[in-house]
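Take a look at the structure below.
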Amino acid sequence: MSTELIVILSVLGVGGLIGLFYVSHAIEKQRRQKALMIANLSDYAFRLQRLLDFIPPAYLSKDVRLLLLGQIRKRMEKLVELAPSNEKFAKKLDSCNAQIADTQSTAMAPQAPQLKTPEEANELRTLLQELSKVIEYFVQSKVLPVAEAQRHMASIQHSFIDANLNYLLQMGQAARQEKKPKLAIHHYQKAMAEMHKRNQNGQFNEKMQQLKAVLEELQSEAGIVEVPAATEGSSELNAGLNELLEEQDAWKKKYF
């Protein structure tokens, strides 16, 4: 074998090894990118499903619920495409489609559950704040137009206020049943102050009149001539509510 042929074969061999290295590197890079994409899609779908599972339906509007389910379905469809042999993804896609069908067919709004402890109420507050950040992300990523996002944020704010009042009124009712009129007055007055603060469009007028009658009855039972008005922002969850509203104001300044 001539020297020239040996040199040519050596060069070809080295070139082949270099080419094989780059092909292997490209395949490994593609594999890592695919694995990362699957992990990110799966993790975000889990986060959205967690909000659906833990926020009571009464505090999650139908439109927001369908929005989250639609985003989960998009991710699950992509996961099934990326990993067709993974039965878990296919089952979750089927479950998501079933939830969408069930939500679309549901006409009546469910009754708000009882929030029996400050811990339960604070957990709901945290979940609603997380949901507001999800809506903000959807605007940033062009999933939602600003006008639609505004409507959803207003719904979340309403849910937050409603949950807060739900808790205060239930605590007042519990104290009343336990024959503790002064404690009941304490909770009811905080609820009254909260409704007064959020009553810009008169939505709480009827409830405030009913609660006023209850307070007068409790004052009589407790032998109290006059009960000082609760200070603004005195509710158990008012600090959290203000935090949510501040975040919303910051969000509005950023996008509007």
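Could you give the distance between the Cα centres of the range 98-121 and the range 162-189, to the whole Å?
What the calculation gives is 23 Å, centre to centre.
Enumerate lysine pairs in the range 93-194 that are 8 or more residues apart or on different chains, then count those whose Cα atoms are under 18 Å apart.
The number of close lysine pairs in the range 93-194 is 6.
Bear in mind that the values in this text are calculations on the coordinates, not laboratory data. Since this is a predicted model, take the numbers as computed values, not measurements.
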